[in-house]
Amino acid sequence: MTTETSTTDVTTFDGLLAAIQAPEGQGVEMKDPATGAVVGKAPVLSEADLDAAVSRAQQAQRGWGQKSHAERSEVLNRAADAVEASAEALAELLSREQGKPLNGPNARFEVGACAAWLRAAAAFELEPEVLVDDESGKAVLEYVPVGVVGAIGPWNWPMMISVWQIAPSLRMGNAVVLKPSEYTPLSVLGLGAVLNQVLPEGLLHVVPGGGELGAALTAHRGVGKLMFTGSTSTGQAIIRSAADTLKRLTLELGGNDAGIVLPGADVKAIAEDVFWGAFINTGQTCAALKRLYVHESQYDRMCEALVQVAQNMPMGVGLEEQNVLGPLQNKQQFDIVSGLVEKARDAGARILIGGDPEADQPGHFYPTTLVADIDNDNPLVAQEQFGPALPIVKYTDVDQAVAWANGLEVGLGSSVWGDQDDARAVAARIEAGTTWINKHGAVDPRIPFGGVKMSGFGLEFGVDGLKSVALPKVVSW
Ligand code: NAD
């Protein structure tokens, strides 16, 4: 069910759905978070299915691992072509199941990123590194396949994050067994069906199921490396269950990214970029701006400029072309966001816009919300809200803003806005895997990405990302 080449036309939405749905009478209904309509029924696999997938992956990997980088890159480029040929069908499936609109930095953008990351993983050069070459002898460092890479993903960017795991793993000669989030299995099964049109039989398996199946994959003896993207608490559980097999790990975990607007920044000019840094994917993004620190000298003007931008960004059903913001993907996330905004309101913070979701709606829409005059220790600032609610905190001196930015246990992304030289000096003091200047969340397949502190460890993207899904091997003579 997870690797067979589909017999239906996966360039159409109906064909794609037919290729991935559970057999008649089985599976779980996946509902559109915007309307409550049933999108399709997703299969749920057992641990025996997982064992079978790992064993088939091991067999397929033997031949694949022998191929040259050029041969594997050629297949990855064809996989990117296949994604592009099915782009509209994939975007519609993603929009319906995840909720994100087709337009804006959302479903079509995500599918485009899948093709871009596949091509980037194919393009990097990775030659053996000559470490010593003198009269004492020679030593070379090479990177060899791990074998089977296990991958576990979240529900916010289900296709793109899956490609972030699949593309480098395949490029380095591994097979992949991927467990998608139970909230977005169809999206990842759809991506898998498209990729499996061109990948060698048995190399990529998508195994839908819940947290227990993820735990079984994490502990599996046939899996040599695990790539995980999700919450910090699940990351901690994974470290524990990976201990017995000493599995290699890449952990991309939660964040609560700070953005600091420096005195003198042109707040009108940056407002739209700040907005999208925070509200991309309706705020459901790991490296989105989740707490904004603005100097008191332009606090009111920044608040006004953000309200202006927010008023002009339509939110609604994903398939309606005008929308650029969508619903929360699930009720649990909706409750987290509304609970945090209520706590802010109760503490006396000022809601500039939003904060009042419609009662009895069929979807999980939470309005675009900006919250001003809020204390740094309010839960809406201190916890990862992962939704369309941005707290804007006033500061009086930059040292205070840096201390607040560094005051949490997480450290994924961050940003500084203003004069470039001043911003670079502040960036050097921020504890995060990435600090962007005058932008936020601008991930790039050529630039390594990863968290520090409780946001995880290991790098994705770029040549460093390739090395992290391979085993370093020294040959010395
Ligand atoms: P989650 O941790 O609840 O679930 C992620 C995945 O882990 C799911 O597939 C789930 O089934 C699986 N899982 C659950 N329990 C497991 C266990 N014991 N062992 C193995 N797998 C298990 O996260 P989520 O709610 O889907 O995603 C949101 C979180 O992910 C946020 O905190 C967000 O910041 C983070 N995230 C991080 C990045 C990054 O690159 N750092 C990217 C996207 C999302």
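No value in this document is a laboratory result; all are computed from the given coordinates. Just so we're clear, the structure is a prediction, and the values are computed from it rather than from any experiment. FYI the Cβ positions are ideal-geometry reconstructions off the backbone, even for glycines, and counts take in every protein chain you see.
Normalising the average separation of contacting C-alpha pairs (under 8 angstrom, six or more residues apart) by the number of residues puts the relative contact order of the chain at 19 percent.
Axis angle, to the nearest 10 degrees, between helix 299-311 and the longest C-alpha principal axis of the chain: 60 degrees. With neighbours defined as other Cβ atoms within 10 Å of a residue's Cβ, the residues ASP257, ASP49 order from fewest to most as ASP49, ASP257. All alpha carbon pair distances within the range 127-243 were sorted into 5 Å bins beginning at 0; the resulting P(r) in whole percents reads 2, 11, 21, 20, 17, 9, 7, 5, 4, 3, 1, 0.
Among the GluC sites (Glu not before Pro) in the range 4-34, which ones are in a DSSP loop with at most 10 other Cβ atoms within 10 Å of the Cβ? Mind listing them?
Taking the range 4-34 and a limit of 10 other Cβ atoms within 10 Å, the loop GluC sites (Glu not before Pro) found are GLU24.
Shape analysis of the range 257-444 based on the Cα gyration tensor places the equivalent ellipsoid semi-axes at 26, 17, 16 Å, largest first. For the chain, find the longest principal axis of its Cα atoms and tell me its angle to the long axis of helix 87-98, 0 to 90°, nearest 10. Between the helix axis and the principal axis of the chain, the angle is about 60 degrees. In the chain the longest region clear of trypsin sites (Lys or Arg not before Pro) that are loop-assigned by DSSP and have at most 16 other C-beta atoms within 10 Å covers 222-428. Loop-located GluC sites (Glu not before Pro) in the range 387-477 (DSSP state other than H, G, I, E, B) with a sparse environment of at most 14 neighbouring Cβ atoms within 10 Å: GLU409. With 22 Å as the limit on Cα-Cα distance, the pairs of LYS138/LYS473; LYS453/LYS473; LYS31/LYS290; LYS179/LYS290; LYS138/LYS247; LYS290/LYS439 that go past it are LYS453/LYS473; LYS31/LYS290; LYS179/LYS290; LYS138/LYS247. Would you work out if the range 193-309 is rounded, prolate or oblate? Take a ≥ b ≥ c from the square roots of the eigenvalues of the alpha-carbon gyration tensor; rounded if a/c is under 1.5, else prolate when a/b is larger than b/c, oblate otherwise. It is prolate, given that a/c is not under 1.5 and a/b is the larger ratio.
Counting only alpha carbon atoms, the long axis of helix 107-123 and the longest principal axis of the chain meet at about 50°. A DSSP coil position with no more than 14 other Cβ atoms inside 10 Å describes the following GluC sites (Glu not before Pro) in the range 173-217: GLU201.
When a/c reaches 1.5 or more, the comparison of a/b and b/c decides; with that in mind, is the chain rounded, prolate or oblate per its Cα gyration tensor?
oblate
The DSSP beta bridges internal to the chain are antiparallel in roughly 40% of cases.
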